[in-house]
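The structure appears below as structure tokens.
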Amino acid sequence: MRTKSEARRSAILMAAGQVFHDQGFEGASMAQIAMSLGCSKATLYAYFESKEVLFYEVLMTAAGSQMRETFNAIENLSLPIRDALQILGEQIISLLYSEEVMAVRRLLLSAAGRKAGLGKACYEAGPAQFLEATSLLLKHYMDTGKLRQSDSRVAALHLRALLESEWIDLFLFSTMQGFDQAFCKETATRATDAFLAAYSPTQ
């Protein structure tokens, strides 16, 4: 029964993804998605409690492979710290400013205040996990003397803020003209330099 349930859930996500792509979030409806599947709206609501939650799940599924790549970068402790943070920084920027994740963030900005629990679900599925993983990485560097001892959670927040500092206004004011890989590398380098200047061990 579980296999059938998971298969149905996957089919809903695939169909919903196509409808959202064709109609946009505002233009799409649960009725349209149900019609494309040949099922009732009640079936959709048995799996997803609202259009917002369904949209969120579609986007997080699409961003899943990028998230795994970024977690793999976080777990790479074998490189020199500057190289590791540079690679991690480029991965995080590439993820946060991918079309899929920016769509999640736009949804959160526009709908989370109106839908109880959506903001928390988005936070726990993405930022909270990254904060935990990055905190553990930075704590490892602190414990091995590569960074000064500090609150690793705060340090992880500082690192993410530095990585986003040159991108966040472009996102908020919709002035991005596609993803620029060279700009990503340059901004990750500047963020890494600033972070190491603040957290390198005292000589």
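The values are calculated or read from the model by the stated rules, or taken from the named source; none is laboratory data. Keep in mind that this is a model prediction, so the values were computed, not measured. All Cβ positions, even for glycine, are placed from backbone atoms using ideal geometry, and neighbour counts span all protein chains on display. What goes into the accessible areas is simple: the full protein's heavy atoms, side chains included, and nothing from ligands, DNA or RNA. Shrake-Rupley method; radii C 1.70, N 1.55, O 1.52, S 1.80 Å.
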Treating cross-link reach as a plain straight distance, find the aspartates and glutamates whose alpha-carbon is under 14 Å from the alpha-carbon of LYS51, omitting any fewer than eight places away in the same chain.
-> GLU26
Simple spin-label estimate for PHE71/ALA161, 7 Å along Cα→Cβ, in nm, reads 2.7
With r as the distance between the Cβ atoms of SER150 and LEU79 and R0 = 30 Å, compute the FRET efficiency 1/(1 + (r/R0)^6) and round to 0.05.
-> 0.90
Per residue accessible area of the chain, 1.4 Å probe, in Å² | 55
Highest mean first, what order results for 83-90, 119-126 on Cβ atoms within 10 Å?
-> 83-90, 119-126
How far, in degrees from 0 to 90, does helix 2-27 lean away from the longest principal axis of the Cα atoms of the chain, to the nearest 10?
-> 90
Mind giving me the FRET efficiency for THR43 and SER110? R0 is 22 Å, r the Cβ-Cβ distance, nearest 0.05 is fine.
-> 0.25
Find out how many positive minus negative residues lie around THR187, taking Lys and Arg as positive, Asp and Glu as negative, among other residues whose Cβ is under 10 Å from that of THR187.
-> -3
Where the accessible area of the chain is counted over protein heavy atoms with a 1.4 Å probe, how much of it, in %, is carbon and sulfur?
-> 55
What number, in percent, do you get for the relative contact order of the chain if the mean sequence gap of Cα pairs under 8 Å and at least 6 apart is divided by its residue count?
-> 19
Heavy atoms only, probe 1.4 angstrom, no DNA, RNA or ligands counted: give me SER5, SER135 ranked by accessible area, highest first.
-> SER5, SER135
How many nm is it between the label spots at GLN18 and THR189, if each spot is 7 Å from the Cα in line with the beta carbon?
-> 4.5
Expressed as an acute angle from 0 to 90° and rounded to the nearest 10, what is the orientation of the C-alpha long axis of helix 127-143 relative to the principal long axis of the chain?
-> 20
Phi-based couplings in Hz for region 155-172 (Karplus 6.51, -1.76, 1.60; Gly and Pro marked x) = 4, 5, 5, 5, 4, 5, 5, 5, 5, 8, 4, 9, 10, 4, 5, 4, 6, 5
Accessible area of LYS41 in the full protein assembly, 1.4 Å probe (Å², nearest 10) = 100
Helix 99-111 vs. the chain, principal-axis angle (Cα, 0 to 90°, nearest 10) = 70
Accessible heavy-atom area order of VAL154, VAL53, highest first, probe of 1.4 Å = VAL154, VAL53
